[in-house]
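**Q** One structure, as structure tokens, below. Some questions next.
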Amino acid sequence: MPLLVFAAIAGISSTPAVEVIFKLFSKVELTAFYPDRAIKTNQDLLPETPWTHIFYNDFWGTLLTHSGSHKSYRPLCTLSFRINHAVGGMDPWGYHLVNVLLHAAVTGLFTNFSRILFGDGYWTLIAGLLFASHPIHTEAVAGIVGRADIGACLFFLLSLMCYVKHCSTRSSSASTWGWILGTGVCAGCSMLWKEQGVTVLAISAVYDIFVFHRLKMHQIIPALYKRKNLSLFFSIGLLTSWGTALLGVRLYWMGNKPPSFSNSDNPAADSDSFLTRTLTFLYLPTKNLWLLLCPDTLSFDWSMDAVPLLKAVSDWRNIHTVAFYAGLLLLAYFSLKGSGNERECNGRSVMNGKQNANGHSCHSEVEYKTLEGKSSFASKEENGIKRHEIQKLQLPSTENIVILSLSLLIVPFVPATNLFFYVGFVIAERVLYVPSMGFCLLVTVGVRALYVKAQKRFLKNLVFCSTAALIVFYGLKTVVRNGDWQNEEMLYRSGIKVNPAKAWGNLGNVLKSQSKISEAESAYRNALYYRSNMADMLYNLGLLLQENSRFSEALHYYKLAIGSRPTLASAYLNTGIILMNQGKTEEARKTFLKCSEISDENLKDPHAHKSSVTSCLYNLGKLFHEQGHYEDALTVYKEAIQKMPRQFAPQSLYNMIGEAYMRMSRLPEAEHWYVESLRSKSDHIPAHLTYGKLLALTGRKSEAEKYFVKAIQLDPTKGNCYMHYGQFLLEESRLIEAAEMAKKAAELDNTEFDVVFNAAHMLRQASLNEEAEKYYEMAAGLRPNELVENVVVQQT
């Protein structure tokens, strides 16, 4: 909050306060919250990924032309994330620092733009403080992905300011074409931060017609026939052409197809009833306006049933819809029609451009100096000042500001209304970041009008104090809301009352990561109570149960998850693993095969899907390998390589291919894949052990020993590493050393029968019979029925 207040003041006074800003604000809004797909698992952020991929993939790292792409093309935002990642990795502080700085810059620019409308004085400061303190901005600033809205708004304002400069220099300076070029470039950049940025071109046109030229609706058509307005319509033509070109390129680049979303993302869009869709879509802007006006209840997510569908005309919320559109139309009508002779200017009343009883005319301070000594507006050039130059210095009327404010409120919001295409949300608070500028201007001009109409000093003070109280209320709510964004647990708990299904589900993930297993299970079950068909929650509950060895229950929930979403590859994967461990190899084989055949078409996260499919094929190959079907295993492994996504870690897959070739005595091929495994992950312990065995088998003993020793150095707590090294030493007749390795392995893995039994065998080979007897007894305690059989085998 202090940062934004300083930014608002800086928009007027231009006084630098950077060091103070950081000290005051850095303690408030730094949080460790990332959406996984945009940051944590987005391959476009990694240095090994060519940076040009950013311009072909969507915001989440999926190829833009893929059928499952979100179609959110925001390369400049993703590029900023990549720079953050290059500088600070996954440290959240740097990401939030950039968000805060961008938000401060937007606040300063907005306040500076407000000065064009309200002049120097309290009204500009009020507009800036309203924007600075509004709680609706919390998600955009505190949530990392909200940077897309902040960056788009920054270039939105830069484009608009460039166009304002173009208007003021259009008839008197050659530099005006530089300003119109800047308008177009900044508009394009705004769109590359987020799609709604292109709407600044429409706002620029509204500014030119209704604010700069002060035309009323009935004056626009006659103005077409006046030669002096050719420059106006030429500028509007340029804006229209550039906007059309940007939209055309954008549509072409995303494959000329709109995105598709699930029922939970936007339930109204999935409704079969035209009446339900119409009533709900008409109501949603009303709900968004209420969030701007009274942001008492905020949530990180408004999908699913957060806003119940309006299914009948008798729904009482339709009254809100009618009142909203009626008020909007009346406000637009009277503003476009224009008022009578009296208008307000910066808190003073003006009649026909003359001073009223307050002794204040409708000009800025610069205009006063310009017009000093003049008795009236002259149509001829006088003292080097032309009439149109004097007109430019005048502040716009209340009606003109209302038109611009309504445009700023409505036009950037239009892409989110489902009017032209369905969107992937019901309500998103961050989407209101740009429209909130129009709201703040509208409130400010409304307060100013009330202040002017008030005749008594008491009423004027009441209006002023009420406005100050509103700003304080917004500021306090922002501070409280920032507390919700301090960590994920607090954020999800705050959203339970709005969207209980989504909030409980996400809270379950957080509690599970904190090892609060029983609480996590309860959270998942609460989520399913509110929405029983959520495939993700069914899967997460199954995963929790599987990790706690409750395999039968886990299988039940995996099957429910697959029933709810037949393309959920991760559920097939874990089902197959449980069946394989239970010895149900045929069922496991069928499950893995079915998973491998699922296409990634129309899936939101094709990368995660491909990873699960690759893991399924890997496990299927292991199943064939354990059954001695090495050729079949190799066929499946190679299919896994073909389907393997870029982010998949292949070292285990490569190592298993080497193992299959090893069993088939095709040692050169085995060595090739062991080396590939180590090349993909140099500290992969299983590859060190298997490659060491191959080197020993081919007579490269000293080299083999280095790999066994390296495996132990990589993880000294892994008994398996000592056991493999001990077996190597045993084959080299270094019995005492082998016995020491065996004892170490048995100490570390004293619950593993094979490790303990082999340790006893090595000790016996080294003639350490007493210690061998001790470990045979330990093995007998682990599997008493198998000990005699194993002893006979060893003696044979």
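**Q** Provide the net charge surrounding Pro50, with neighbours chosen by a C-beta distance below 12 Å and charges set as Lys +1, Arg +1, Asp -1, Glu -1. Walk me through the numbers before you get to the answer.
**A** Working: positive: Arg82, Arg646; negative: Asp44, Glu48.
For residues surrounding Pro50, the net value is 0.
**Q** On to the next question. Please give the net charge around Ser564, taking every other residue with its beta carbon less than 11 angstrom from that of Ser564, where Lys and Arg add +1 and Asp and Glu add -1.
**A** On the way: positive: Arg531, Lys559, Arg565; negative: Asp536.
Residues close to Ser564 contribute a combined charge of +2.
**Q** If you don't mind, another one. Expressed as an acute angle from 0 to 90° and rounded to the nearest 10, what is the orientation of the C-alpha long axis of helix 517-530 relative to the principal long axis of the chain?
**A** The two axes meet at around 50 degrees.
**Q** Another one. Say each of Arg679 and His213 gets a label point 7 Å from the Cα, pointing the same way as Cα to Cβ; how far apart are those two points in nm?
**A** The answer from the label model is 6.7 nm.
**Q** Another question about this same structure. Subtract the Cα-Cα distance of Gln713 and Thr417 from 0.36 nm times their separation in residues, and report this length gain in nm to one decimal. Please report the intermediate quantities before stating the final value.
**A** Values: separation 296, 0.36 × 296 = 106.56 nm, distance 5.94 nm.
Gain on stretching Gln713 to Thr417: 100.6 nm.
**Q** So what is log10(I(q)/I(0)) for region 626-704 at q = 0.24, 0.27 1/Å, when the Debye sum runs over its Cα atoms only?
**A** For region 626-704, the Cα-only Debye profile gives -1.14, -1.31.
**Q** State the Cα centre-to-centre distance between region 255-285 and region 185-248 in whole Å.
**A** Centre-to-centre distance over Cα atoms comes out at 30 Å.
**Q** Same structure again: Determine which aspartates and glutamates satisfy two conditions relative to Lys512: a Cα distance under 18 Å, and not lying fewer than 8 residues away in the same chain.
**A** Straight-distance partners of Lys512: Asp36, Glu488, Glu489, Glu521, Asp536, Glu547, Glu553.
**Q** Quick one: which of 166-178, 424-436 comes out on top by average Cβ neighbours within 10 Å, and what's the full order, highest first?
**A** Details: 166-178: 15.3, 424-436: 23.4.
Result, highest mean Cβ count within 10 Å first: 424-436, 166-178.
**Q** Further question: Out of the total accessible area of the chain (probe 1.4 Å, heavy atoms of protein only), what percent is carbon and sulfur? Kindly include the intermediate steps, with their values, before the conclusion.
**A** On the way: 21660 of 36930 Å².
Within the chain, the accessible surface is 59 percent carbon and sulfur.
**Q** What FRET efficiency comes out for Glu601 versus Gln642 if R0 is 22 angstrom and r is the Cβ-Cβ distance? Round to the nearest 0.05.
**A** Working: r = 17 Å, r/R0 = 0.78.
Approximately 0.80, to the nearest 0.05.
**Q** Considering every Cα-Cα pair within region 716-795, what fraction, in whole percent, is farther apart than 22 Å?
**A** Working: 439 of 3160 pairs.
Across region 716-795, Cα pairs with separations above 22 Å total 14 percent.
**Q** How far apart, in nanometres, would the label points at Lys774 and Leu282 be if each is projected 7 angstrom from Cα along the Cα-to-Cβ direction?
**A** 8.5 nm
**Q** Sequence neighbours fewer than 8 away in the same chain don't count; with that in mind, list the aspartates and glutamates whose C-alpha is under 19 Å from Lys453.
**A** Reachable aspartates and glutamates: Glu342, Glu344, Glu399.
**Q** Thr297 versus Val322, label points 7 Å from Cα toward the beta carbon: distance in nm?
**A** Spacing of the two 7 Å Cα→Cβ label points: 2.3 nm.
**Q** What is the local net charge at Thr276, summed over the other residues whose Cβ is closer than 15 Å to its Cβ (Lys, Arg +1; Asp, Glu -1)?
**A** Values: positive: Arg277, Lys311, Arg317; negative: Asp270, Asp272, Asp305, Asp315.
Surrounding charge for Thr276 is -1.
**Q** Given the C-alpha centroids of region 461-477 and region 108-171, what is the distance between them in whole angstrom?
**A** 20 Å
**Q** Using 0.36 nm times the number of residues separating Ser513 and Ile736, minus their current alpha carbon distance, what extension gain do you get? Mind showing how you got there, number by number?
**A** On the way: separation 223, 0.36 × 223 = 80.28 nm, distance 4.45 nm.
That pair, Ser513 and Ile736, stretches by 75.8 nm at full extension.
**Q** Name the long-range amide H neighbours of Asn57: under 5 Å, sequence gap of 5 or more, or other chain; modelled H, no Pro or chain starts.
**A** Sorted by chain and number, the residues that satisfy this are Leu64.
**Q** Now for a different question. Which aspartates and glutamates, if any, have their Cα less than 14 Å from the Cα of Lys610, not counting same-chain residues under 8 positions apart?
**A** Within the straight-line limit of under 14 Å, Lys610 reaches these aspartates and glutamates: Glu597, Asp600, Glu601, Glu639.
**Q** With axes computed from alpha carbons, what is the tilt in degrees of helix 701-714 against the longest principal axis of the chain, rounded to the nearest 10 within 0 to 90?
**A** 50 degrees
**Q** Taking the Cβ-Cβ separation of Ala223 and Leu470 as r and a Förster radius of 35 Å, what is the calculated FRET efficiency to the nearest 0.05?
**A** About 0.35, to the nearest 0.05.
**Q** Can you give the extra length, in nm with one decimal, that the chain gains between Glu669 and Lys456 once fully stretched, where that is 0.36 nm per residue apart less the Cα-Cα distance? Intermediate values should be presented prior to the final figure.
**A** Working: separation 213, 0.36 × 213 = 76.68 nm, distance 9.43 nm.
Extra length from Glu669 to Lys456 when fully extended: 67.2 nm.
**Q** Using a 1.4 Å probe and counting only protein heavy atoms, arrange Leu404, Leu462 so the residue with the most accessible area comes first. Kindly include the intermediate steps, with their values, before the conclusion.
**A** Working: Leu404 0, Leu462 90 Å².
From most accessible down to least: Leu462, Leu404.
**Q** Any of Lys477/Lys516; Lys710/Lys744; Lys559/Lys622 with alpha carbons more than 19 Å apart? Name them for me. Write out the running numbers ahead of the final one.
**A** On the way: Lys477/Lys516 31 Å; Lys710/Lys744 16 Å; Lys559/Lys622 23 Å.
Lys477/Lys516; Lys559/Lys622, as the Cα separations exceed 19 Å there.
The values are calculated or read from the model by the stated rules, or taken from the named source; none is laboratory data. Computed from a prediction, not measured in an experiment: that's the story for all the values here. Backbone-built Cβ (ideal geometry, glycine too); neighbour counts: all protein chains shown. We work out accessible area using only protein heavy atoms, side chains counted, and drop any ligands, DNA or RNA first. Shrake-Rupley method; radii C 1.70, N 1.55, O 1.52, S 1.80 Å.
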